[in-house]
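The values are calculated or read from the model by the stated rules, or taken from the named source; none is laboratory data. Note that this is a predicted model, so its numbers are computed, not measured. Note that each Cβ is placed from the backbone with ideal geometry, even for glycine, and that neighbours are counted across all protein chains shown. Protein only, heavy atoms only, side chains kept; ligands, DNA and RNA dropped before computing areas. Shrake-Rupley method; radii C 1.70, N 1.55, O 1.52, S 1.80 Å.
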Amino acid sequence: MNLIYVDDYGNTGKRLDDIKQPIFMLFAMSIPAEEWIALESEFLKITLEICQKAGIAHIDFKLHAWEFFSIHKFRNITLDERADFALRIAKLALKHNADFTAVYVEKKTLQNIYIHLRAIMLNIIDEISAELGTEISDVLRSISTSTLDLFKDPYIVSLISMLHECEKNLSEVQKMGIIIIDRQSEYSKYHNFKTLVTHRERGRFKHLIEQPLEGNGSIHILLQMSDLLGYLAGADLLSIKGKKNYPDRHTRTIELIRENTRLIDATATIEPAAKSSMLMMAELSLRHLKLPYELAQLSAAVDTDDNGIQAGFVELVETHTNAYVQANSEAFYIRSRLNDHKLAQRFIKNEG
């Protein structure tokens with residue numbers, strides 16, 4: 001079994017126009033469970049050295065990368081010494097057979113995707129409204145708009161992509177794994193997907209154990225390690241994208257991290273995993289709208305490879321038309337008309 005520690009880099013929420021943080025990234029450090037205790041113990045010895053050199057108490061110490069590398073923090077430790085500590089931590093992780101995955105979003109790209117998809121979706125809803133009337137189109141508009149709004153959130157897009165990448169990586173080595181993700185209060189509600197249960201029933205996401213576990217770096221110690229290595233991986237990505245250069249003192253550490261990291265563009269991986277990705281986004285949008293729904297009514301979204309996404313949206317819409325239609329015959333009519341529109345396929349394929 002693997003333990004997968006996930007932390008974020010560059011989080012400014014839905015501010016896609018933030019020129020100071022143009023990239024958002026989730027960084028995962030995956031380690032074999034049998035290496036866990038030894039790695040944690042050796043990492044704590046390094047943090048003890050840091051505290052002793054800085055003249056601070058170790059008992060409640062939590063290593064935050066942005067503080068550690070700040071010029072104004074840890075004044076008793078030179079910047080070069082901090083870089084040496086970071087290199088030791090990276091080598092320690094690799095010594096214990098860690099591997100890294102970095103899933104990122106370029107915020108400007110995400111903004112452009114959102115604008116394009118929104119225009120397509122509104123055009124389709126207008127077509128449906130003209131044929132079926134405003135009652136069904138209003139329901140569909142609420143669900144679709146709320147789902148689309150999630151595309152404005154780099155965290156959500158990266159999180160869904162990270163789940164797919166972790167599942168893929170685990171399946172390649174035929175291991176089970178559990179994700180421990182750094183708790184962010186504003187994103188806590190997004191860390192559990194009921195739809196993962198349905199996927200497991202259909203034989204998908206069968207290597208990830210349960211839902212992602214919300215962690216705290218003070219308790220789940222290796223989250224601190226993921227935070228530091230992810231910070232340097234983020235600095236490297238900014239440099240690659242021509243946004244900002246990192247100090248030369250970090251070159252050796254960053255090169256080491258880069259050599260052992262799978263770098264994934266989340267905006268490119270959402271489409272190959274479109275079926276489950278859109279279902280998860282639909283689930284989150286329903287939570288946002290505070291609409292009641294049953295998991296069984298989402299199951300159609302994973303029934304077939306060809307029509308899964310379409311069926312999922314049809315089921316979602318049909319579920320929430322119950323308050324508007326009085327007879328099953330009318331519901332079946334709505335379902336058939338939505339199938340004719342092939343709504344979800346057009347949405348994913350960006351066809352106008």
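Things to note:
- Heavy-atom accessible surface of the stretch 1-115, averaged per residue, reaches 48 Å², computed with a 1.4 Å probe.
- Pairs from the table (Lys62/Lys244; Lys168/Lys194; Lys95/Lys194; Lys20/Lys152; Lys73/Lys244) lying more than 29 angstrom apart at Cα are Lys95/Lys194.
- Between Lys189 and Arg75, the modelled label-to-label distance comes to 4.3 nm, taking each label 7 Å out from Cα in the direction of the beta carbon.
- Remark on the stretch 157-220: hydrodynamic radius 12.4 angstrom, per the Kirkwood mean of 1/r across alpha carbon pairs.
- Amide H contacts of Ile264 (H built 1.01 Å from N, under 5 Å, at least 5 apart or other chain): Ala102, Val103, Tyr104
- Stretch gain in nm, segment His64-Arg262, where the contour uses 0.36 nm per residue and the Cα spacing is subtracted: 69.0 nm
- The mean of 1/r over all pairs of different alpha-carbon atoms in the stretch 1-72, once inverted, gives a Kirkwood hydrodynamic radius of 14.9 Å.
- Inter-label distance, nm, simple model (7 Å from Cα along the C-beta direction), Gln174/Asp126: 5.5 nm
- Distance from the Cα centroid of the stretch 68-126 to that of the stretch 178-227 is 18 Å (rounded to whole angstrom).
- Annotation: peptides 239-248, 217-226, 179-188, ranked by per-residue average of other Cβ atoms within 10 Å with the highest first, follow the order 217-226, 179-188, 239-248.
- Surface share of carbon and sulfur [accessible, 1.4 angstrom probe, percent] for the stretch 234-276: 44 percent
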